[in-house]
Amino acid sequence: MVRLIIILALVAGFIVLYRSLFGSPRLHDPSDAAEMVQDPNCGVYVPKSQAVTRSVRGKGHCFCSERCANEFSAKYS
Ligand SMILES: [Zn+2]
């Protein structure tokens, strides 16, 4: 009976270890994709994956739309 408890504890420990090694990166991926960036033109927050990126004065900026990117680059270039 004691052996069974030890085996169960080992299995549980292995599952926790396995999840911490291989489970968490998979859980972190969606949050990375949903990282929010602020549009410097209108101040709106957009997911980085959907943002329009434009280099203005050598610095990369993320915009909510092409229109904002064009407005911002027109203002600062
Ligand atoms: Zn915008």
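Note on segment 55-77: residues that are farther than 11 Å from P40 by Cα, within 13 Å of the ligand (Cβ to nearest atom) and touching a helix residue (DSSP H, G or I) at 6+ places or on another chain (Cβ under 8 Å) amount to 0. When segment 53-77 is limited to residues that are among the charged types (D, E, K, R) and in contact with a Ser or Thr (Cβ under 7 Å, 6 or more places away or on another chain), the one that is nearest to Q38 (Cα to Cα) turns out to be R54.
Contact map, segment 62-77: first residue among the charged types (D, E, K, R), second residue more than 8 Å from the ligand (Cβ to nearest atom), Cβ cut-off under 6 Å, separation 6 or more or different chains; pairs are E66/V52.
Where a number appears in this text, it was derived from the coordinates with a stated rule and is not lab data. Computed from a prediction, not measured in an experiment: that's the story for all the values here. We place every Cβ from the backbone using ideal geometry, glycine too, and count neighbours over all the protein chains shown.
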